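The next block holds one structure in the form of C-alpha cells; read it before the comments.
The values are calculated or read from the model by the stated rules, or taken from the named source; none is laboratory data. A quick note: this is a predicted structure, and the numbers were derived from the prediction, not measured. All Cβ positions, glycine included, derive from the backbone under ideal geometry; neighbour counts span all protein chains shown.
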Amino acid sequence: MFRFQNFEYLSMLLLIPVIIVLYVIYLRWRKTKINKLADPALIKHLVKGRIAGRSTTRIVLLIIALFFSIVGLANLQKGAQTEKAERKGVDVFFALDVSKSMLAKDVQPDRLTRAKQLIETMINQMVNDRVGLVVFAGKAYLQVPLTIDYSASKMLLGTVNPDMIPTQGTVLGDAVDLANTSFSQKERKYKSIILISDGEDHDERALDAAKEAAKEGVIIHTIGIGSPQGSTIFDPETGAPKLDENGQPVITKLNEEALKSIAASTGGTYTYLTNTKQTADKLISLVDSMEGKSFGSVLFTDYNSYFQYFIAAALLLIIAEWIIPAASLLKKQSVSI
C-alpha cells in the first residue's frame, strides 16, 4: 500500500500549470516585441528557432524538476510491515474548580487560567490514557466523559468559565463523587482523579467521598492553586473588587490542609502549583507509574520512504538545465574557430 507522508505538500503541484501559462504568455509577448523590431522572416532566418528551442527545453526541464521535488517533499511511502500492538493506559478524571475564587490573580494570569493550562499540558503528554473532565463550584457537572479524543477534550476545556455554574461554593465532595461514579465500576484499579482547586469553602463530605473513592481503587492527586496569603477577587466585567455583606473586599486564600488530607486518604500526592511544566511532568510520571489496562489492539505499519529517488531526479534535471547553455556556448566557440 502506497501513501504520501506529507500529503499537504502535493498542493504545490498547482504551481506547475500556473508556470506553464505564464511561460506561454511570455513567449507570445516576446514574439510580439521581436516582430515590431524587424521583419519576422529575417528574424526567423537569423535565429532558426534555436534560441526559443533552448529556452523551452530549459523550462521543461525545470518544470519536471519542480514536479519531482514536490513529490519528494510529500515523501511517497510503501507499507513494508504491519504489526499489532496492545494499547494500555489508565482512566484519568480532571476535577476542576470553577468557582469565582478561581478568578483571583495571585497566580498569573489568574487561578483558573493556570489550572486549565496545567490540564492542557498534561493532555498533550498523554498517549493511551483516557481522560475526562468534571467541573464544580456549588454543584458538580460532567463536562467531558472519559475519552481518548484529546482534541475534543482540549476544545471543551477551553470553554470552561465560572459563569457556567451559577451556584457558588466549592463542593469538593460532590466533584469526587461524580468523577468516581463516572469510572467503570467493574474495575478496582487503573483509575485516578486529579483535583485542582484553591480548597476554599471546604465541605466536610470531601474527605468521606475521597475515602469511598479509595475503596474503589481510585487514587486522587490534588493540586493547590493560589496563595496562603490570599487575594482579592475582581469582577471580570467591571474590574471592581468583590465585596462581602459588610462592604469589605472578599479575600480568597488557598486551603492546603483540605487538599492534602484528600490526597493522603487515597494514597495520592498533594502538589502546590508553581511551575506548570514541572507540575505536569510530575503528574504524568505518577499516572505512568500506575498499572495500565488494555484498551484493545492497534495496527502499526512500518513504511519505506522513496523521497530520495525523486530528489535525485530533480537534481539531475537541474544540472542538465545548467549544462544546456554552457554546451551551446562551447559549440558556438568551436564553430567560430
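General observations
- Selection of the range 215-267 for residues being in contact with a Gly (Cβ under 6 Å, 6 or more places away or on another chain) and either within 27 Å of residue 281 (Cα to Cα) or not assigned by TED's automatic domain parsing to the domain that holds residue 94 (or both) yields 219, 220, 221, 253, 254, 255, 256, 258, 259.
So that you can scan it fast, the table gives a plain yes or no per residue for (1) in contact with a helix residue (DSSP H, G or I) (Cβ under 9 Å, 6 or more places away or on another chain); (2) in the same structural domain as residue 259 (by TED's automatic domain parsing); (3) in a loop (DSSP other than H, G, I, E, B):
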| residue | (1), (2), (3) |
| --- | --- |
| 156 | no, yes, no |
| 173 | yes, yes, no |
| 176 | yes, yes, no |
| 184 | no, yes, yes |
| 187 | no, yes, yes |
| 193 | yes, yes, no |
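- Applying the condition of being surrounded by fewer than 19 Cβ atoms within 10 Å (Cβ to Cβ) and aliphatic (A, V, I, L, M) to the range 215-245 and asking which residue is farthest from residue 267 (Cα to Cα) yields 240.
- Checking residue 52 against (1) part of a strand (DSSP E or B); (2) at pLDDT below 65; (3) over 30 Å from residue 194 (Cα atoms), the condition it does not meet: (1)
- Test: residue in the range 206-213 that is in contact (Cβ under 8 Å) with a residue 12 or more places away in the chain, within 31 Å of the chain's Cα centre (by Cα) and on the phi < 0 side of the Ramachandran plot: no
- Boolean, residue 197 is among the hydroxyl-bearing types (Ser, Thr, Tyr), crowded, with 23+ Cβ neighbours inside 10 Å, at pLDDT 85 or above and assigned by TED's automatic domain parsing to the domain that holds residue 99: yes
- Test: residue in the range 109-124 that is closer than 15 Å to residue 193 by Cα and either surrounded by fewer than 16 Cβ atoms within 10 Å (Cβ to Cβ) or over 22 Å from the mean Cα position of the chain (by Cα) (or both): no
- Counting only helices (runs of 4 or more DSSP H) that sit wholly inside the range 240-337, those with at least 3 residues that are closer than 30 Å to residue 214 by Cβ, among the β-branched types (Val, Ile, Thr) and modelled with pLDDT of 95 or more are 276-288.
- When the range 157-179 is limited to residues that are without any contact (Cβ under 8 Å) to a residue 60 or more places away in the chain and of a type in the set (S, T, N, Q), the one that is surrounded by the most Cβ atoms within 10 Å (Cβ to Cβ) turns out to be 167.
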